[in-house]
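*Asks:* Quick one: the structure is below, and I'll ask about it shortly.
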Amino acid sequence: MKTWKNVIYLSLALGMLIYAVPRIAIGGGLTLPTIFGVVWILFALTVIAAHLHRIIGVDEAKEEELRQVRRLARVRREQWLHRRLGTGDSRSSK
């Protein structure tokens with residue numbers, strides 16, 4: 001489901017970019033409309049890159065690594081809290 005949602009959003013972003021780029025006034029010097037156009041195009045490209053990154057699945061290994069880091073951080077916080085409160089290890093009471 002997530003992949004289809006990302007494909008739909010990617011298609012919408014690409015369509016929006018294809019529709020808007022010819023209509024954006026770029027090249028009129030350093031004016032507000034030019035700055036807006038450049039920033040808008042960069043933002044649209046960032047959205048497209050994010051969806052491609054998600055669809056390709058480059059971050060699956062990174063997500064697992066982050067899960068392990070979060071789990072370790074949670075265990076360390078629990079250990080610190082138990083030491084701070086002067087109670088025993090939470091795992092020994094289970």
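The values are calculated or read from the model by the stated rules, or taken from the named source; none is laboratory data. Just so you know, these numbers come straight off a predicted model, no measurement behind them. Using ideal geometry, Cβ is built from the backbone for each residue, glycine included, and neighbour counts are taken over all protein chains shown. Just the protein is used for accessible areas: all its heavy atoms, side chains included, with ligands, DNA and RNA removed. Shrake-Rupley method; radii C 1.70, N 1.55, O 1.52, S 1.80 Å.
*Asks:* Quick check: at a probe of 1.4 Å, how many percent of the accessible area of the chain sits on carbon and sulfur atoms? Intermediate values should be presented prior to the final figure.
*Replies:* Numbers: 5200 of 7910 Å².
It is 66 percent, rounded to a whole number.
*Asks:* If the only charges are +1 at each Lys and Arg Cβ and -1 at each Asp and Glu Cβ, what is the size of the charge dipole of the chain around the Cα centre, to the nearest 20 debye? Please report the intermediate quantities before stating the final value.
*Replies:* On the way: 15 positive and 7 negative charges, 129 e Å.
Around 620 debye, computed over the chain.
*Asks:* While we're here: Charges on Cβ only, +1 for Lys and Arg, -1 for Asp and Glu, centred on the Cα centroid of the chain; of Ile48, Val69, Leu14, which one is farthest towards the dipole's positive end?
*Replies:* The listed residue farthest towards the positive side: Val69.
*Asks:* Which helices of the chain meet both criteria: a Cα extent of 20 Å or more along the helical axis and a mean Kyte-Doolittle score no lower than 1.6, with helices taken as whole DSSP H segments? Show your work: numbers first, answer last.
*Replies:* Values: long enough: 2-20 (27 Å, 0.91); 32-56 (36 Å, 1.84); 60-85 (37 Å, -1.59).
Helix filter hits for the chain: 32-56.
*Asks:* Taking Cα centroids, how far is the range 34-75 from the range 3-18 in Å?
*Replies:* What the calculation gives is 16 Å, centre to centre.
*Asks:* Among the GluC sites (Glu not before Pro) within the range 1-75, which fall in a DSSP loop and have no more than 11 other Cβ atoms within 10 Å of their own Cβ?
*Replies:* Values: sites: Glu60, Glu63, Glu64, Glu65; in loops: none.
Answer by residue number: there is no such site.
*Asks:* Pick the calculated log10 I(q)/I(0) by the Debye sum over Cα atoms at q = 0.12, 0.25 Å⁻¹ for this structure from (1) -0.64, -1.17; (2) -0.36, -1.36; (3) -0.38, -1.49?
*Replies:* Among (1) -0.64, -1.17; (2) -0.36, -1.36; (3) -0.38, -1.49, the one derived from this structure is (1).
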